[in-house]
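Asker: Got a structure for you, written out below as structure tokens; questions coming shortly.
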Amino acid sequence: IAKLEPVVAKDPKEVKKIAELGILDGVTTNPTLATKAGIPYKKAVEEILKIVKKDVSLEVLATDAAGMIKEGRALAKIGKAVVVKLPTTTEGLKALKVLKKDGITVFILSSDSSKISFFTLGIYIVGA
């Protein structure tokens, strides 16, 4: 069985069309995408979570660990399907450690820096 890549969604209507095909494996979105679709981010997320029951990746906007932790915890409370997206930065890795201890599912965004990406892979493997 093939695992499909998550759908990058800016509009819940797009998500619904794909879900109706029976091939939806997950969704990722962010405030910028929702804005481009002319939909308030919170409304877009609420609608997507009504359609998708697993793996809805939502990105934090903060750039410091404390802000990412606060946002990540708030995002995780929105629904059980939420996966918190963090940047591959030193601050993102600090937030990763705390959010994982909280039992929150976290996804690390890729980075242009191979050094930090390799470092992140090592942390992921040991289960930080």
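The values are calculated or read from the model by the stated rules, or taken from the named source; none is laboratory data. All figures in this text were calculated on a predicted structure; none of them were measured in a lab. As a convention, Cβ positions derive from the backbone with ideal geometry for all residues, glycine included, and neighbour counts pool all protein chains shown. Surface accessibility is based on the protein's heavy atoms, side chains included, excluding ligands, DNA and RNA. Shrake-Rupley method; radii C 1.70, N 1.55, O 1.52, S 1.80 Å.
Asker: Output wanted: per-residue J couplings in Hz (rounded whole) for segment 47-61, from phi through Karplus 6.51 cos²θ - 1.76 cosθ + 1.60, θ = phi - 60°, x for Gly and Pro.
Answerer: Per-residue couplings from phi come out as 5, 4, 5, 6, 8, 9, 9, 8, 6, 10, 7, 10, 8, 6, 9 Hz.
Asker: Once amide H atoms are placed 1.01 Å from N in the peptide plane, what residues at a sequence separation of 5 or more from residue 56, or on another chain, have their amide H within under 5 Å of its amide H?
Answerer: 27, 82, 83
Asker: For the pair residue 50/residue 32, report the inter-label distance in nm, with labels modelled 7 Å from Cα in the Cβ direction.
Answerer: 2.8 nm
Asker: Still on this structure, I have one more. Please give the net charge around residue 72, taking every other residue with its beta carbon less than 11 angstrom from that of residue 72, where Lys and Arg add +1 and Asp and Glu add -1.
Answerer: Within the 11 Å Cβ shell, the charges total +2.
Asker: For segment 17-64, what is the charge dipole size about the Cα centre, in debye to the nearest 20, if Lys and Arg each add +1 at the Cβ and Asp and Glu each add -1 at the Cβ?
Answerer: 200 debye
Asker: While we're on this one: Using a probe radius of 1.4 Å on heavy atoms only, what accessible surface per residue do you get for segment 1-101? Whole Å² is fine.
Answerer: That works out to 59 Å² per residue.
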